[in-house]
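Peer 1: Okay, here's the structure, questions in a sec.
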Amino acid sequence: MKSYIPIAIMVCLFGCTTENVNPKEANTVHLAGYLNTSGGIAVVSYWKDGAYTSLTNDSTYTLVSSLYVDESSVLIGGLKKIAGSPSQSMIWQDGVETVIEEAFGSPFIASRNNSLFGVWRSATGWVYNKYSTSQRIIDTAYNFEPTAMTLNGDDIYISGYSSDPSSPPDYASAQHAQYWRNEKLMFREIEASNAVSIFIHQGNVYLAGYLYEPGATKTNACYWKNGKRVNLKDGSANAVARSIFVTDSHVYVSGMINDEAVYWQDGEPILLTSGGPFSMANSIFVHGTDVHVAGYEQGYPAYWKNNIKQNISNHDKRGQVLFVVVGSN
């Protein structure tokens, strides 16, 4: 049975993406994220089996919002901002950059058989795009924001949140985790929450994210299966879920507990960091029996395989790995 893995944006939102592939045919580890230059500028960065490639010059501010591997082609979506000019929504395909003319901000990008799929903000609002046609995403909420997408056949499934207008006495506006299939809203959580990753396996729709504690003093990691919530912590710690990957046997969720990188396997937490707090597991990908996790540790890019931190180029520069995908060369 094919699985579909999420793409997620990095505005404190994370994920990973590609369609499931034959482990015998595809075992290249692709990582995408950003590094901070000596001048403090974030630049989109890509690693292939640990070897580093910068996709733009070090004087241009860029962010990465998605990673997708379509057979032998690697697509990275992101944002490029040049001083004095409007920001541009970008696709880097095998290192070649293209501007998405109708898009604003950071896009989510996927591809199948060289056909582009995407979710981005346009002049008319949030849209999804497939086969070169864009259509608005519909929602009755005062405000809503997609956070991730995945493919299931010709359908685009999109996770995100909605919120109502702020109101007295504290003028807070609660967010609610939800997902759409193409333009249609399919599920909305009644509790204050956010869904930042989406995955489909054997017809089941999984979301990963977190619940907000009253007063928004901390968050509780959780995931949803077909709208039924599974809490990953009891509320005694501050925790978030950033990415989800499901196999026939297990549910894997990556994130953090009390600022330490962790992933849960069937609800049991596995701590990754050895350096203390200020760490995060942004993205998780399971390939055969290997568990790949991308994130940061102590503010530096980090990648773990089977719970062991791996050596990658430029790991001594400030930044993060936001996505991990195991796919074709």
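The values are calculated or read from the model by the stated rules, or taken from the named source; none is laboratory data. This is a predicted model, so every value here is computed, not measured. So basically every Cβ, Gly included, is an ideal-geometry build from the backbone, and we count neighbours across all protein chains shown. The protein model used for the area step is the full one, side chains on, heavy atoms only, and it has no ligands, DNA or RNA in it. Shrake-Rupley method; radii C 1.70, N 1.55, O 1.52, S 1.80 Å.
Peer 1: May I ask you to verify whether Ser66 is of a type in the set (Gly, Ala, Ser), within 16 Å of the chain's Cα centre (by Cα) and either open to solvent by 20 Å² or more (accessible area, probe 1.4 Å) or under 19 Å from Trp120 (Cβ atoms) (or both)?
Peer 2: On the way: of a type in the set (Gly, Ala, Ser): yes; within 16 Å of the chain's Cα centre (by Cα): yes; either open to solvent by 20 Å² or more (accessible area, probe 1.4 Å) or under 19 Å from Trp120 (Cβ atoms) (or both): yes.
Criteria met by Ser66.
Peer 1: Right, next: What residue, of Val321, Val253, Val230, is farther than 14 Å from Gly33 by Cβ, open to solvent by less than 30 Å² (accessible area, probe 1.4 Å) and touching a strand residue (DSSP E or B) at 6+ places or on another chain (Cβ under 9 Å)?
Peer 2: Details: Val321 fails: farther than 14 Å from Gly33 by Cβ; Val230 fails: open to solvent by less than 30 Å² (accessible area, probe 1.4 Å).
Result: Val253 is the single residue among Val321, Val253, Val230 that is farther than 14 Å from Gly33 by Cβ, open to solvent by less than 30 Å² (accessible area, probe 1.4 Å) and touching a strand residue (DSSP E or B) at 6+ places or on another chain (Cβ under 9 Å).
Peer 1: Return the pairs, sorted by first residue and then second, in which the second residue is acidic (Asp, Glu) and surrounded by fewer than 20 Cβ atoms within 10 Å (Cβ to Cβ), the first residue lies in the range 305-329 and is without any contact (Cβ under 8 Å) to a residue 24 or more places away in the chain and more than 14 Å from Leu31 (Cβ to Cβ), the beta carbons are less than 8 Å apart, and the residues are 6+ apart or on different chains.
Peer 2: Asn306/Asp290
Peer 1: Then there is this: How many of the residues in the range 41-59 are part of a loop (DSSP other than H, G, I, E, B) and open to solvent by 60 Å² or more (accessible area, probe 1.4 Å)?
Peer 2: Initial filter on the range 41-59 (part of a loop (DSSP other than H, G, I, E, B)): 41, 49-50, 55-59.
The next check asks that each one be open to solvent by 60 Å² or more (accessible area, probe 1.4 Å); those that pass are 49, 57-59.
Final tally of qualifying residues: 4.
Peer 1: Is there a residue in the range 155-169 that is more than 30 Å from Ser328 (Cα to Cα), modelled with pLDDT of 90 or more and not aromatic (Phe, Trp, Tyr)?
Peer 2: Filtering the range 155-169 for residues more than 30 Å from Ser328 (Cα to Cα) gives 161-169.
Those left that are additionally modelled with pLDDT of 90 or more: 161-163.
Then keep just the ones that are not aromatic (Phe, Trp, Tyr); that gives 162-163.
Yes, the range 155-169 has at least one match.
Peer 1: From the list Arg181, Arg121, Arg136, exactly one residue is out of contact with any Gly (no Cβ under 9 Å at 6 or more places or on another chain) and among the basic types (Lys, Arg). Which is it?
Peer 2: Details: Arg121 fails: out of contact with any Gly (no Cβ under 9 Å at 6 or more places or on another chain); Arg136 fails: out of contact with any Gly (no Cβ under 9 Å at 6 or more places or on another chain).
On inspection, the qualifying residue turns out to be Arg181.
Peer 1: Need at least 2 residues that are at negative phi and either touching a residue at least 40 places away in the same chain (Cβ under 8 Å) or open to solvent by 50 Å² or more (accessible area, probe 1.4 Å) (or both) per element, so show me which strands (runs of 3 or more DSSP E) inside the range 70-188 make the cut, counting only ones lying wholly within it.
Peer 2: Passing ranges, in order: 73-81, 88-93, 96-99, 104-112, 115-122, 133-136, 143-152, 155-163, 175-181, 184-188.
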